[in-house]
Amino acid sequence: AGARYWAQIATALPDEVRAAKERVWIEVFNEPDKERTEQVARWQYHLAQAAVSSGYRFCGPGWASGTPEPEAWRGEWMRKYLELCAAQPERVAVTLHEYSYDAGNIRAGYPYLVGRYRFLFEACDAMGVRRPTVFITETGWTLDDMPELEAAMQDVGFLAGEYAPFPEIGAAFLWQILPARTALL
């Protein structure tokens, strides 16, 4: 099923993505069901194999901030996915979302929201699995609220300091929905 699903995805990719497949990471999930971590991990494992076999880079599953629970990283299928990531760190990666859910405090709930990648690393270390490449594909404050510019830049500095010591974290992307009244310069 994973191979068939990947074939549908690959067919739908724009020509520009296909032409750059050696440089582009494909993330196909967004905040999957935290109650089905083993199903998600199994699906990720098979999708990643199909994607890599056709020359693409694959990452996922884009867990929501605060998920999955720390013990989820130790499941049978999760371990298989993490081992696949460890075996092919330039081709398969883990993606996470880390929001504080508080526009006034990027550290709110730390490390259970921002900083949650640490549970992944702790599980890998305990299982003897090399830490995977990680992309924090969404980070920030809330869906549609953030602090004023000066405070936001201080928070960005905090995030940079949080992630920079870990070479496994390839990138962290700020994510924010701008209100309709906001003009882009």
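The values are calculated or read from the model by the stated rules, or taken from the named source; none is laboratory data. Predicted model, so just to flag it, every value in this text is computed and none were measured. Here the Cβ is made from the backbone with ideal geometry for all residues, glycine too, and neighbour counts use every protein chain on show. Ligands, DNA and RNA are excluded from the accessible area calculation, which covers all protein heavy atoms including side chains. Shrake-Rupley method; radii C 1.70, N 1.55, O 1.52, S 1.80 Å.
Which entry is the computed Cα Rg over 2.2 N^0.38 Å for this structure: (i) 1.06; (ii) 2.55; (iii) 1.16? Matching the structure shown: (i). Solvent-accessible area of region 1-86 (1.4 angstrom probe, protein heavy atoms only): carbon and sulfur portion equals 49 percent.
The slack between Phe166 and Ser53, meaning 0.36 nm per residue of separation minus the straight C-alpha distance, is 37.9 nm. In sequence order, region 72-88 has phi-based couplings of 4, 5, 9, x, 4, 6, 5, 4, 4, 5, 5, 5, 5, 4, 5, 6, 9 Hz under the Karplus curve 6.51 cos²θ - 1.76 cosθ + 1.60, θ = phi - 60°, and Gly or Pro positions carry x. A simple rule links phi to the HN-Hα coupling: the Karplus curve 6.51 cos²θ - 1.76 cosθ + 1.60 with θ = phi - 60°, which for region 129-134 gives 9, 4, 4, x, 5, 10 Hz, with x for Gly and Pro.
Calculate how steeply helix 37-53 sits against the longest principal axis of the alpha-carbon atoms of the chain, using the helix alpha-carbon long axis, and give the answer as 0 to 90 degrees to the nearest 10. The answer is roughly 70 degrees. Using the Karplus relation 6.51 cos²θ - 1.76 cosθ + 1.60 with θ = phi - 60°, the per-residue 3J(HN,Hα) values for region 151-162 come to 5, 4, 5, 5, 5, 4, x, 4, 4, 4, x, 5 Hz, with x marking Gly and Pro.
Simple spin-label estimate for Glu16 and Ile177 gives 2.5 nm between the two label positions (7 Å along the Cα-to-Cβ direction from each Cα).
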